[in-house]
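> Dropping a structure here in structure tokens format, bear with me for questions.
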Number of protein chains: 2
Amino acid sequence: MVVAISPVMNTPRISDSEWEVMKAVWDHEPLTAVEVLKHLPHDQWKQKTVNTFMNRLETKGVIRAERVGRPNVYRSLISEKQCRGMEGSQFLKKVFRGEVAPLMLHFIENGDLSKNDIAELKQMLEKRYRPDG
Amino acid sequence: MVVAISPVMNTPRISDSEWEVMKAVWDHEPLTAVEVLKHLPHDQWKQKTVNTFMNRLETKGVIRAERVGRPNVYRSLISEKQCRGMEGSQFLKKVFRGEVAPLMLHFIENGDLSKNDIAELKQMLEKRYRPDG
DNA sequence: GACATTCGATTACAATCGTAGTCAATGGTG
DNA sequence: CACCATTGACTACGATTGTAATCGAATGTC
């Protein structure tokens with residue numbers, strides 16, 4: 001019997017600029033490369049550059065192109081959440097030595113949280129404290 | 001009158017591997033390149049590689065070499081805290097679109113916080129809520 | 001002081017990233 | 001159907017990163 005090997009898609013690395021593109025994709029997919037540009041700061045991005053990124057992202061397996069009509073239509077293959085997971089754990093390990101608490105402290109001190117944010121976070125922490133509460 | 005321009009040391013980018021080296025530096029400075037290697041996973045780092053990084057980090061202005069005795073002695077010029085600041089705000093912007101709350105939520109859900117961590121964080125949030133409390 | 005050893009500065013080199021340009025095919029227009 | 005415009009595939013190219021090797025200078029040894 002042949003055992004199917006689980007298709008471990010170990011999330012590829014997504015560079016800074018690729019993230020910008022991907023945010024446009026996640027927010028508006030399915031979309032074309034031209035549409036992607038529309039959702040990016042127009043003065044900082046040229047169409048050709050966007051195109052290159054679409055290609056690279058497809059090669060990396062982050063998106064998929066439907067080569068059907070004339071303008072290619074793209075969809076994400078990996079969700080923003082998944083990417084946040086990867087990027088987040090890398091960041092945590094790299095910058096905060098894998099310790100979540102100092103990281104949290106850092107962002108509590110440096111980020112500007114609204115009163116609402118703070119309330120919400122406290123609630124979240126409560127729940128975590130007593131998972132069934 | 002000549003106005004002194006504040007010496008804005010806009011923190012340079014520090015790559016993943018450079019971060020590893022810098023952690024050794026921050027933890028044990030002042031130290032030599034040979035000592036840096038001692039504090040890194042020995043099987044993953046060669047002395048020559050470490051050396052290259054020391055050079056690059058000096059070029060970038062992250063560390064400084066004292067060329068006095070024979071083995072160069074290195075010190076950091078930028079603190080871990082400063083670097084965390086830079087790296088943190090980039091990460092926040094790139095991955096969480098600049099919104100701190102979702103970031104925090106993410107790490108509350110994904111990181112494993114101890115009861116103690118949670119208590120501490122709640123306290124921090126309290127303080128933030130009433131800054132003079 | 002001659003020689004072996006140790007270190008640092010310089011050089012190397014492939015992969016990835018940012019930023020496009022070229023060129024050819026596809027598709028709309030008259 | 002001939003032509004022009006759009007668009008995608010491929011190519012380009014310098015900077016950065018990861019990973020070292022080479023080569024020459026400073027140091028310690030006899």
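The values are calculated or read from the model by the stated rules, or taken from the named source; none is laboratory data. Remember, predicted model here, so these are calculated numbers, not experimental data. We place every Cβ from the backbone using ideal geometry, glycine too, and count neighbours over all the protein chains shown. For the accessible areas, the whole protein counts, side chains as well, though only heavy atoms, and no ligand, DNA or RNA atoms are used. Shrake-Rupley method; radii C 1.70, N 1.55, O 1.52, S 1.80 Å.
> If contacts are Cα pairs under 8 angstrom and at least 6 residues apart, what is the relative contact order of region A:1-118 in percent? Could you put the intermediate results ahead of the total?
On the way: 85 pairs, mean separation 25.3, N = 118.
Relative contact order for region A:1-118 comes out at 21 percent.
> Between B:Lys115 and B:Val34, 0.36 nm times their residue separation minus their Cα-Cα distance comes to what? The partial results should precede the final answer.
Details: separation 81, 0.36 × 81 = 29.16 nm, distance 3.97 nm.
Stretched out fully, the B:Lys115 to B:Val34 stretch lengthens by 25.2 nm.
> Using the Karplus curve 6.51 cos²θ - 1.76 cosθ + 1.60 with θ = phi - 60°, work out ³J(HN,Hα) for each residue of region B:96-113 in order, rounded to whole Hz, and write x for Gly and Pro.
10, 6, x, 9, 5, 4, x, 4, 4, 3, 3, 6, 5, 6, 9, x, 9, 8
> Would you mind telling me which residue in A:Ser114, A:Ser15, A:Ser79 has the biggest mean-square fluctuation in a Gaussian network model of chain A, where springs connect alpha carbons within a distance under 10 angstrom?
Largest GNM mean-square fluctuation: A:Ser114.
> Right, next: Under the definition of partner shielding as Cβ atoms of other protein chains within 10 Å of a residue Cβ, what is the mean value for peptide A:73-84? If you can, show how the numbers build up before the last one.
Working: counts 0, 0, 0, 0, 0, 0, 0, 3, 1, 0, 1, 6.
The shielding value for this peptide is 1.
> Given charges of +1 on the Cβ of Lys and Arg and -1 on the Cβ of Asp and Glu, with all other atoms neutral, how large is the dipole of the protein assembly as shown about its Cα centre, in debye to the nearest 20? Intermediate values should be presented prior to the final figure.
Numbers: 42 positive and 36 negative charges, 122 e Å.
My answer is approximately 580 debye.
> I've got another one for you. In nanometres, what is the gap between the two model label sites at B:His106 and A:Asp27, each 7 Å from Cα along Cα-to-Cβ?
Taking the two extended label points, one gets 1.6 nm.
> Counting each pair of different Cα atoms once, what's the Kirkwood radius of chain B in Å, rounded to one decimal? Present the calculation step by step, with values, prior to reporting the outcome.
Working: mean 1/r = 0.0562 Å⁻¹.
About 17.8 Å, per the Kirkwood formula over Cα pairs.
> Please compute, for the alpha-carbon atoms of region B:65-124, the extent along each of the three principal axes and give them in descending order in Å.
So the three principal-axis extents are 50, 29, 19 Å.
> What is the distance in Å between the Cα centres of region A:9-36 and region B:62-133?
The distance from the Cα centre of region A:9-36 to that of region B:62-133 comes to 27 Å.
> With n ≥ 4 as the cut-off for DSSP H runs, can you work out [θ] at 222 nm for the protein assembly as shown, using -39500 (n - 2.57) per run divided by the number of residues, rounded to the nearest 500? All intermediate terms of the calculation are to be shown ahead of the outcome.
Working: 12 runs with 150 residues, N = 266.
So the helix-based figure for the protein assembly as shown works out to -17500 deg cm²/dmol.
> Excluding ligands, DNA and RNA, what is the accessible area buried between chains A and B, summed over both sides, using a 1.4 Å probe, to the nearest 100 Å²?
Numbers: alone 10470 and 10490 Å², together 16470 Å².
Chains A and B together bury roughly 4500 Å² of accessible area.
> A follow-up question, please. Step through the residues of region B:12-27 one at a time and calculate ³J(HN,Hα) from phi using the Karplus curve (6.51 cos²θ - 1.76 cosθ + 1.60, θ = phi - 60°), rounding each to whole Hz and writing x for Gly and Pro.
x, 6, 10, 6, 3, 5, 4, 4, 4, 4, 4, 4, 4, 4, 4, 6
> Taking θ as phi - 60°, what are the ³J(HN,Hα) couplings along region B:46-58 by the Karplus curve (6.51, -1.76, 1.60), each to the nearest whole Hz, with x for Gly and Pro?
Calculated HN-Hα couplings, in order: 9, 3, 4, 5, 4, 4, 4, 5, 4, 4, 4, 5, 5 Hz.
> Just tell me how shielded A:10-17 is by partners: mean number of partner chain Cβ atoms within 10 Å of each residue's Cβ, no decimals. List each step's numbers first, then the result.
Working: counts 0, 0, 0, 1, 2, 1, 4, 1.
Partner Cβ neighbours, averaged per residue: 1.
> Using the Kirkwood formula over every pair of different C-alpha atoms, what hydrodynamic radius in Å results for region B:16-76?
Details: mean 1/r = 0.0891 Å⁻¹.
Across region B:16-76, the inverse of the average 1/r is 11.2 Å.
> Okay, moving on. Would you mind giving the three semi-axes, in whole Å and largest first, of the ellipsoid equivalent to the protein assembly as shown according to its Cα gyration tensor?
34, 28, 22
> Here's another thing I want to ask about it. Place +1 on the Cβ of every Lys and Arg and -1 on the Cβ of every Asp and Glu in chain A, take the dipole about the Cα centre, and give the residue among A:Val95, A:Ala119, A:Ser79 whose Cα lies farthest towards its positive end.
A:Ser79
> For chain A, modelled as a Gaussian network with Cα springs under 10 Å, which listed residue fluctuates most, A:Gln82, A:Gln123, A:Gln47?
The residue with the greatest mean-square fluctuation here is A:Gln123.
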